[in-house]
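One structure below.
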Amino acid sequence: MSGHDSKYFSTTKKGEIPELKEELNSQYKDKKKDAVKKVIAAMTVGKDVSSLFTDVVNCMQTENLELKKLVYLYLINYAKSQPDLAILAVNTFVKDSQDPNPLIRALAVRTMGCIRVDKITEYLCDPLQRCLKDDDPYVRKTAAICVAKLYDINAELVEDRGFLDTLKDLISDNNPMVVANAVAALAEIQETSTRPIFEITSHTLSKLLTALNECTEWGQVFILDALSRYKAADAREAENIVERVTPRLQHANCAVVLSAVKMILQQMELITSTDVVRNLCKKMAPPLVTLLSAEPEIQYVALRNINLIVQKRPTILAHEIKVFFCKYNDPIYVKMEKLEIMIKLASDRNIDQVLLEFKEYATEVDVDFVRKAVRAIGRCAIKLERAAERCISVLLELIKIKVNYVVQEAIIVIKDIFRRYPNTYESIIATLCESLDTLDEPEAKASMIWIIGEYAERIDNADELLESFLESFPEEPAMVVLNNATVETDNPDLRDRAYIYWRLLSTDPEAAKDVVLAEKPVISDDSNNLDSSLLDELLSNIATLSSVYHKPPEAFVSRAKSASAKPDDDEPPLPILLPSSTGQGLQISAQLVRRDGQVFYSLLFENNSQMLLDGFMIQFNKNTFGLAAAGPLQVPPLQPGSTARILLPMITFQNISPGAPNTLLQVAVKDNQQPVWYFNDKISLHVFFSEDGRMERANFLETWKSLPDSNEVSKDLPAAVIHGVDAAIEHLAAANVFFVAKRRNADKELLYMSAKGPSGVPFLIELTAAVSVPGVKCAVKTPSPELAPLFFDAMETLLK
Amino acid sequence: MITDRGEVPKGSAEIFFRKVKFWKGDEAEEAPPVFNVDGVNYIHVKVAGLLFVATTRVNISPSLVLELLQRIARVIKDYLGILNEDSLRKNFVLVYELLDEVIDFGYPQTTSTEVLKSYVFNEPIVVDSARIPPLGPAAMFMQGAKRMPGTAVTKSVVANEPGGRKRDEIFVDIIEKISVTFSSSGYILTSEVDGTIQMKSYLSGNPEIRLALNEDLSIGRSGGNSMYDYKSSAGGGIVILDDCNFHESVHLDNFDLDRTLTLVPPDGEFSVMNYRMTQEFKPPFRINALVEEAGSHKAEVIIKIRADFSTSVTANTVTVQMPVPKYTTRVSFELESGAIGQTTDFKENNKRLEWCLNKIVGGSEHTLRAKLTFSQESHGNLTKEAGPVNMNFTIPMYNASRLQVKYLQIAKKSKTYNPYRWVRYVTQANSYVARL
C-alpha cells in the first residue's frame, strides 16, 4: 500500500465515479484495494457510491484476504443503510460461509446478520446452523451473536430452526469467548421475550462461574449481568456464589467491578449471617472508592450508583466520606453528585469536617454549585438534629459575605430548618432581617415573609418589615403575593387567603400559628429520599442506565417488556411550560384543547424528582376570557419517574381581567411537597371556535355588508402556508373554521370562511394565498375587531 | 460516534452535538456523560480533545460503554501512534476495520491490540509527530530527561519503523496523580495518591516479565480504624495502599509472598496496576497565601511556594492560580528580583491570578506579590471571596507514594538479548489546593 489515505477524502471531481469503476475492475489487486478504500472513504463522508456496488462486490471473489475484508467492510456498512442492494451479495456470503479460512467464514455470517431484510433471513439459516457448530471458536462466537441479530429480525424463525437450543449448548463450549457471547445473546433474547428462554439453573450457574475466571473482561460483564438474575436457593448457596465473585472486585475494568458489586448486593439479601454481611461490606468499600480514581465520566456513573447503595447499606462507606470531598478540578457533574453523597454520609461524627467543606464550596465560583452547597448545609441541619445549631451558624457566616445568591439560598434553607425545629432558633431572625432588602428572588422572599409571619409575635416591627414588601407588591410575582397580599389584588383566592392571614396575625397570633402550623406539611430528612420500593427496583438495576437516571427502566426504554403503552401516542406533544429544572424535578406540559364542543386544559405531569408528589391543585389567574377550571384537578399521586396525563374541563367568563384582550394565561400549580409553581401559557383563540360557526353564503354576505368597514382588519401571516385548497378547507373545518366560498385571482386563491368565537362573536374571513408559497393574507370582519390580533395568531397556528 | 445497530434515528450525531454544546440541565451547565434524548441514550467520553460517543436504546451497563470507549481510544492510539483529528482522518478505513472487530452488534469482543493484530489488515499511516506540539502524557517526559527518546510514547505499536526492524524496548511508567487540600492554617485536610503502573511494550516475541515492587508494600487499611493513618508516616518505611487492581494479564502467584508481578505483556499500552493511597505523605510543595486589605479599594496578595523535595529533582510547567474578588479591576504584580522563566497574568474574564513558573528546583522558594484594585469597597471578608490557591505541576523522577519498581526482569531468549528498559517516575498534580 502506498501513499496517504487522506487523498481519498479530496473533493469530488467530475468523473470520480467512472474513474473508481475502472480502478475497481483493474487487473492489479493493489489498485483494486486502493479503489475499495477510496469507495469506503467516500461512503463515510456521505457520498453516494451505490452505483459502484456491483463493481465492489465483484472484488469479493478473491483469494486475497486483505481485499476481501475491505469489501466486507464496505458491505457491512452498506447493509445497514441500503439493505436491498446488499441482497445482491447473498450468494457470495453463502459461499464464503464455507470457505476454508475461518476468518472469512466468520465475516460472512457477521455481515449477513447485519442485513435487516426479512427475505435474506432464510438464506442465513443454513450457514448459521453450520457456523454455530464450526470447529473454530472465532466462527462460533460470531455465530452466537448472529442468533441474537436474527432473533431481532425474525424471532419465530429462530425458534422454529432450533437455534435457541444450539445457543444454549454453547454455554458449555470450551472456549470462554464463545460462552460469553452465547450468554450475552441469550440474555438479550430473554429481555425481549415474555417466555422463559434462558433460565439459569444451578448447573448453568456453576458452569458460568467457572467460565468467569477465564474469559475476557467484557465476557465477565456479560456473565455477571446474566447471573445477577439468578435467585440462590438459600443463604449457603448465596455465600458460595459471592465467594466466587468477590475476586472480580479487584479487576481494573470498572464495568466488571460494578457488575460484581451488583451481583454481591443481590446475593447479600439472602445471607443471614451478620458477620458475613459485615465482611462483604468491608470488601466492597475499597473497590467502590477506587472507581473514583477513574476518568470523570466513569466517576459519574459510579457516584450515581453509590448514591443508591448507601441508601440501602449506609455502613459500607460510612468511614470513607473524605473521598467524596470535591476536588478542585472535578467536572461540575461530578461535584454535584459528590455533594449528594456527602449529605447521605454526614453523621454526628463527621459533621464538623463536612460543614467545613460545604462552607468552602459555598464561596466557589460556580453559582449552581454554590447554591447546592448552601442547600446541602440546610439538609444536614434537618437530618442531624444535634448538628442543626452548627449548620445554622455556618449559614449565618455565609449570609455575612453578602453575596446575593448565597444569602437568598441560605434564607430558603433556614426557613426549612425553622419548620423542622419550631421555636428553637428564632434568635437569629434579627440577623436575617438585615438582609431583607437584598432579596430579589421569589422563593427567597416568600421564605423570608413566611419566617416573619411565623414569628410575628416575637418581632417588634413585623408589620413594618412586611410593609417593605408591600411597597413593591404590585410588581411582585404571585408567589410572594400569596404570602402577604391583603390589598390591591384582584385574585379572589389570593385575597381571601391573605385576608385571613392578616386578620389572624393582627388579632390573635396564637390562632395564626395554629392555622399556619396546620397547613404546612412536615419537613423531614429528605437526604435518603427514594421511596423504598423504587430504591429496591433501582438497586436490582445497579450498573445499568436505570441506576444512573434513578428511574425504573420502563420509564426510558421503549423496548422493555413492561413498557406501559403511552396514552394518546398519536397526539402531538404538549409544550413544556414548567421545565423540571425550574420545578425541582416536576415538569408540566400543557395546552388548551377543544374536545366535543368543550374547552379542556390538557396537562402532562412528569415527576423527575426523587420523591412522591401528591395533592395537586391548580388555579388560573384572571384572563381575557375568564378561563377557569370547571372542577378540581384530579392527579393521582406521582411516584418518582412516573407521569400522568390529565384533561381538565374548563369554563369561561369566570374571572375576567379588564383591559385590552390578550392571550396571557397565568397558571399556578401546587402539591403537598413543593412550593407553589407559576407558569404562563398562551391562549389560542381557536379553542373557542364553536361547532355551530358555519354560515350560509347569503348570510355571510349580509353580515359582511352590515358591519362597518372599520370593523375589517387584515394582516399578512408570513409563517402560514396553504398546500392545497381542499386540504386547507378540510383542515380548517376540523378546527371549526368553515368554508363559505372560493375564487381565483391571477395566481392567488381566495377563500371565504366563517367561525364563531367566544360568546358567539362571528368572524368573517378572507384568506388570500398562492398555493404552497409561505405567506397568507388574512382579512377578518367581526363585531369585535379588538379580538383580531388574537384571531390572526390563531389562524397562523392553524395554517403552520 | 458508535451506533452499531440500526436502531437509532439518522441525525443523532447532530442531536448529540447540539445537546452537549448547549447543555442546560437541572443543575449543571456541563453535559453529564450519560443522558437520554427522545428514548436514545447518549454515552460519551472526552479523550485528547475528541468526543467518543455511543448510542443505545436499551438499559445497558453505562460503565461498560464508558470503559469500552476509553479502550477504543487507546487501541486507536496504539495503532496510530498519536490520537488526534488529523491522524483519525488519515486512517479512517483502518479505524473502521478496528471498530468492526472490537464490537459486534453492540457487544464488545476484544479491545486488546495484541489480539486485534491477527484480524486487522489495514496498516496505519503515521502522522508526522514532529509537527505536532507535545501534549498530554507524551509531553511530561520531554523536559529535563535527555536520556529518554522523546518520540517513544507516540510511536505506533504496529507500524514498522522507517529503518526496518523494530527496536526492542519496553517502557514502564509509574505515574502518580496527587491531590492535597491544605487548610487555611496549613494543615493537610485530605491527601490522596492515584497511581498507575503503565506499560508499553515493543518487545518482539512477547517474553515473560517480572516486576518487583517494594517488599514491605502492604495493601488495605483496616476499615475505619485509623491506626495506620498517621503513625505509619511518622515511622517512615512501609508503603500502605488503600486498594489496588491489576490488568488481566498479571499473575499474582508470588505477589503475596514477595510482591512481584509476572506477566506476558500484550502489545499496546495498558495499566499493569492501578493503586490508591490515602496514607499521609510529604507533599512536594508547601503553599503560603495571604490576602490583606490595603486601603479602601485595595488589597495585597502574597503567595509563597516552597519546593519540599530533593535538590536533584526539578518540577516543570508549574502554574499557580487564584480567584480574586469579582469586583477586582486591576492587578499589578511584583516578582522576586532575578526571577527567570516566570510569567504572571490577570485573567480578567474569570477574575483569576495566574503565575507560571517554567522550572522549580527542589529546595527553592518563590514568592509572588500582587496588588489588587477594586471597583467597590470590599465586604471585609476577603478570604471568603478570594482563593483557594490551586497549583498544577509535573515532577519527573519523583513519586509521592514511595512505591517503587525494584527491578524489571525480562525472560532471556538468548545471551545477547538485552532490550532497552525504561522505568520512569512522574508525579502530577490532580487537585492541589490551599485554602485561604
Which listed residue, of A:Ile316, A:Ile343, is in a helix (DSSP H, G or I), over 19 Å from B:Ile43 (Cα atoms) and touching a residue at least 12 places away in the same chain (Cβ under 8 Å): A:Ile343
Hey, B:Leu64 at pLDDT 90 or above and in contact with a strand residue (DSSP E or B) (Cβ under 9 Å, 6 or more places away or on another chain) or not: yes
Matching residues in segment B:76-91 - criterion: being buried (at least 20 other Cβ atoms within 10 Å of the Cβ) and within 9 Å of chain A (Cβ to nearest Cβ): B:Lys90, B:Asn91
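Looking at B:Lys359, B:Lys413, which one is outside the structural domain of B:Asp308 (by TED's automatic domain parsing) and more than 30 Å from B:Ala294 (Cβ to Cβ)?
B:Lys413 is the lone residue from the list that is outside the structural domain of B:Asp308 (by TED's automatic domain parsing) and more than 30 Å from B:Ala294 (Cβ to Cβ).
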Leading residue by the ranking (farthest from the other protein chains (Cβ to nearest Cβ)) among those in segment A:145-160 that are surrounded by fewer than 18 Cβ atoms within 10 Å (Cβ to Cβ) and charged (D, E, K, R): A:Asp160
All positions within segment A:125-142 that are within 14 Å of chain B (Cβ to nearest Cβ) and either assigned to a loop (DSSP other than H, G, I, E, B) or in contact with a Gly (Cβ under 9 Å, 6 or more places away or on another chain) (or both): A:Leu128, A:Asp136, A:Thr142
Residue in segment B:259-311 that is farthest from B:Ile219 (Cα to Cα), counting only those that are outside any strand (DSSP E or B) and among the β-branched types (Val, Ile, Thr): B:Thr311
Filtered residues of segment B:372-404 (kept if buried (at least 18 other Cβ atoms within 10 Å of the Cβ), out of contact with any strand residue (DSSP E or B) (no Cβ under 9 Å at 6 or more places or on another chain) and away from chain A (no Cβ under 14 Å)): none
Residues that are part of a helix (DSSP H, G or I) and either more than 8 Å from chain B (Cβ to nearest Cβ) or touching a residue at least 40 places away in the same chain (Cβ under 8 Å) (or both), drawn from segment A:322-334: A:Phe324, A:Val334
Residues located in segment B:47-75, provided they are among the charged types (D, E, K, R) and either more than 8 Å from every other protein chain (Cβ to nearest Cβ) or in contact with a Phe, Trp or Tyr (Cβ under 8 Å, 6 or more places away or on another chain) (or both): B:Arg71, B:Arg74
Leading residue by the ranking (surrounded by the fewest Cβ atoms within 10 Å (Cβ to Cβ)) among those in segment A:31-52 that are part of a helix (DSSP H, G or I) and away from chain B (no Cβ under 13 Å): A:Ser51
All positions within segment A:215-246 that are over 23 Å from A:Thr272 (Cβ atoms) and either small (Gly, Ala, Ser) or within 10 Å of chain B (Cβ to nearest Cβ) (or both): A:Cys215, A:Thr216, A:Glu217, A:Trp218, A:Gly219, A:Gln220, A:Val221, A:Phe222, A:Leu224, A:Asp225, A:Ala226
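For segment A:63-110, which helices (runs of 4 or more DSSP H) that fit wholly inside it have 1 or more residues that are surrounded by fewer than 20 Cβ atoms within 10 Å (Cβ to Cβ) and free of Cβ contacts under 8 Å to residues at least 24 places away in the same chain?
A:65-81, A:90-96
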Subset of segment A:162-175 (residues that are surrounded by fewer than 17 Cβ atoms within 10 Å (Cβ to Cβ) and not small (Gly, Ala, Ser)): A:Asp165, A:Lys168, A:Asp169, A:Asn174
Residue satisfying all of: in segment A:176-199; surrounded by fewer than 20 Cβ atoms within 10 Å (Cβ to Cβ) and in a loop (DSSP other than H, G, I, E, B); nearest to the other protein chains (Cβ to nearest Cβ) among these: A:Ser193
A:Glu389 being within 14 Å of chain B (Cβ to nearest Cβ) and either surrounded by 17 or more Cβ atoms within 10 Å (Cβ to Cβ) or in a helix (DSSP H, G or I) (or both): no
Test: residue in segment A:698-720 that is under 24 Å from A:Val771 (Cα atoms) and β-branched (Val, Ile, Thr): yes
Tabulated pairs, segment B:409-431, first at negative phi, second of a type in the set (Phe, Trp, Tyr), C-beta under 6 angstrom, 6+ apart or interchain: B:Trp422/B:Phe171; B:Thr427/B:Tyr398; B:Ala429/B:Phe393; B:Ser431/A:Tyr328
Within segment A:706-726, considering residues that are farther than 15 Å from A:Met795 by Cα and in contact (Cβ under 8 Å) with a residue 60 or more places away in the chain, the one surrounded by the fewest Cβ atoms within 10 Å (Cβ to Cβ): A:Ser710
A:Ile306 over 22 Å from A:Ala346 (Cβ atoms) and either in a helix (DSSP H, G or I) or in contact with a helix residue (DSSP H, G or I) (Cβ under 8 Å, 6 or more places away or on another chain) (or both): no
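Each row is one residue, and each column tells you yes or no for (1) assigned to a helix (DSSP H, G or I); (2) more than 36 Å from the chain's Cα centre (by Cα); (3) surrounded by fewer than 19 Cβ atoms within 10 Å (Cβ to Cβ); (4) at positive phi.
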residue	(1), (2), (3), (4)
A:Ala211	yes, yes, no, no
A:Ala255	yes, no, no, no
A:Ser259	yes, no, no, no
A:Gln267	yes, no, no, no
A:Asp275	yes, yes, yes, no
A:Ala285	yes, no, no, no
A:Thr290	yes, no, no, no
A:Ala302	yes, no, no, no
Qualifying residue in segment B:303-311 (condition: farther than 20 Å from B:Trp355 by Cβ and either surrounded by 20 or more Cβ atoms within 10 Å (Cβ to Cβ) or of a type in the set (Asp, Glu) (or both)): no
Residue within segment B:386-408 that is assigned to a loop (DSSP other than H, G, I, E, B) and at pLDDT below 90 present: yes
Selection count, segment A:386-444, where residues are closer than 25 Å to A:Asp368 by Cβ, of a type in the set (Ser, Thr, Tyr) and without any contact (Cβ under 8 Å) to a residue 24 or more places away in the chain: 1
Selection within segment B:237-258 - among the aliphatic types (A, V, I, L, M) and in a loop (DSSP other than H, G, I, E, B): B:Ile238, B:Val239, B:Leu252
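Collect the residues in segment A:4-37 that are at pLDDT below 55 and farther than 17 Å from A:Glu66 by Cα, keeping them in residue-number order.
A:His4, A:Ser6, A:Lys7, A:Tyr8, A:Phe9, A:Ser10, A:Thr11, A:Thr12, A:Lys13, A:Lys14, listed by residue number.
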Test: residue in segment A:746-759 that is buried (at least 16 other Cβ atoms within 10 Å of the Cβ), over 38 Å from the mean Cα position of the chain (by Cα), acidic (Asp, Glu) and over 25 Å from A:Leu664 (Cα atoms): yes
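The values are calculated or read from the model by the stated rules, or taken from the named source; none is laboratory data. These numbers were taken from a predicted model, which means no experiment stands behind them. Cβ: placed from backbone, ideal geometry, glycine included. Neighbour counts: every protein chain shown.
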